[in-house]
Every structure is written in C-alpha cells, then in structure tokens.
Amino acid sequence: QVQLVESGGGLVQAGGSLRLSCVPSGNINSVNAMGWYRQAPGKQRELVATITSGERTNYADSVKGRFTISRDNAKNTVYLQMNSLKPEDTARYYCNAVGVLSRIYWGQGTQVTVSS
C-alpha cells in the first residue's frame, strides 16, 4: 500500500518552475527527516535535498540556488520548490521519510520533464 504520495510533477519548459508535495499516508503516525531523490532513465537514483525535523537542509550541488525544500511538521508534509528548471532536471522524483524506530518510507514518485 501507499506510504508517501507525491504530487506536482509535470511537463515544463526550461526556466520554468514546479512545486512538488509529499504527503504521508494515514497509516504513518509521524516522520523525522524527509527528503527528495530523483532518478533519470539509465541513471542511478540521486539525492536532491533533505530536511531534518529541525529544518536543517542539505542540497545536491546541481540544484543549489534553484531548489528549496521545506516542510510542515504539523502535517508531516514536505515540499520541493523547483525554479529555473533545466532539461537535466528531467527525472522521476521520489519522496523519502524516516519515521519512528528509523523506519524508511518511500513514495511511488512523480515525473518531472523539462523541455529545452
């Protein structure tokens, strides 16, 4: 069954923006650190950004200055604001969360496609 649900992906032209959201399922009581990963066809999944419960953030060098990760702790929801999108950002984006007892949760991903 679904653990995390991502939304907000789509097709956008280079230079455009998208905002991704990730919402835990009703079966998840709470989460701690959360993050976004992405995977393009033929490539390994890579870290995009993470955010702790204390809102300390970390970004991949390739997205620094363009992407912003944020969270709403009351809703256990994480967001990824993506600006100045480039074709190389094209990938399926996955949400990740660490829950109680260090349990790991994943979403099924949302596709982001950036055209030239």
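Filtering segment 12-30 down to residues that are of a type in the set (Val, Ile, Thr) and modelled with pLDDT under 95, which residue is nearest to Tyr94 (Cα to Cα)?
At the first step, the residues of segment 12-30 found to be of a type in the set (Val, Ile, Thr) are 12, 23, 28.
Checking the rest, the ones that are also modelled with pLDDT under 95 come to 23, 28.
Values: Val23: 12, Ile28: 17 Å.
Top of the filtered list is Val23.
Applying the selection to segment 40-55, what residues are acidic (Asp, Glu) and either modelled with pLDDT of 95 or more or under 11 Å from the mean Cα position of the chain (by Cα) (or both)? Please lay out each step first, then the result.
As a first pass, look at segment 40-55 and keep what is acidic (Asp, Glu): 46, 55.
The one that is acidic (Asp, Glu) and either modelled with pLDDT of 95 or more or under 11 Å from the mean Cα position of the chain (by Cα) (or both): Glu46.
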Against the conditions (1) within 14 Å of the chain's Cα centre (by Cα); (2) outside any strand (DSSP E or B), where does Asn58 fall short? Just the number, please.
(2)
Is it the case that some residue within segment 37-46 is among the small types (Gly, Ala, Ser) and surrounded by 15 or more Cβ atoms within 10 Å (Cβ to Cβ)?
no
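Go through segment 93-107 residue by residue and tally those that are among the polar types (S, T, N, Q) and surrounded by fewer than 19 Cβ atoms within 10 Å (Cβ to Cβ).
Here is the first cut: in segment 93-107, the ones among the polar types (S, T, N, Q) are 96, 102.
Next, from what is left, pick out any that are surrounded by fewer than 19 Cβ atoms within 10 Å (Cβ to Cβ): 102.
Qualifying residue count, segment 93-107: 1.
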Members of segment 11-39 found to be within 14 Å of the chain's Cα centre (by Cα) and among the aliphatic types (A, V, I, L, M), listed by number
Leu18, Leu20, Val23, Ala33, Met34
Looking across segment 48-92 at residues that are open to solvent by 60 Å² or more (accessible area, probe 1.4 Å) and touching a Gly at 6+ places or on another chain (Cβ under 7 Å), the single one that is farthest from Gly15 (Cα to Cα) is Arg92
Determine which single condition Ser102 fails, assuming it passes every other condition in (1) among the small types (Gly, Ala, Ser); (2) modelled with pLDDT of 95 or more; (3) on the phi > 0 side of the Ramachandran plot.
(2)
Has segment 75-86 got at least one residue that is small (Gly, Ala, Ser) and free of Cβ contacts under 8 Å to residues at least 12 places away in the same chain?
no
Is it true that Val112 is crowded, with 19+ Cβ neighbours inside 10 Å and under 14 Å from Gly8 (Cα atoms)?
yes
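Within segment 21-32, can you find the residues that are farther than 13 Å from Gln3 by Cα and open to solvent by less than 40 Å² (accessible area, probe 1.4 Å)?
Ser21 - this is the single residue of segment 21-32 that is farther than 13 Å from Gln3 by Cα and open to solvent by less than 40 Å² (accessible area, probe 1.4 Å).
The values are calculated or read from the model by the stated rules, or taken from the named source; none is laboratory data. Because the structure is predicted, anything quoted here is derived from the model rather than measured. Here the Cβ is made from the backbone with ideal geometry for all residues, glycine too, and neighbour counts use every protein chain on show. The area values use the complete protein model at the heavy-atom level, side chains included, leaving out ligands, DNA and RNA. Shrake-Rupley method; radii C 1.70, N 1.55, O 1.52, S 1.80 Å.
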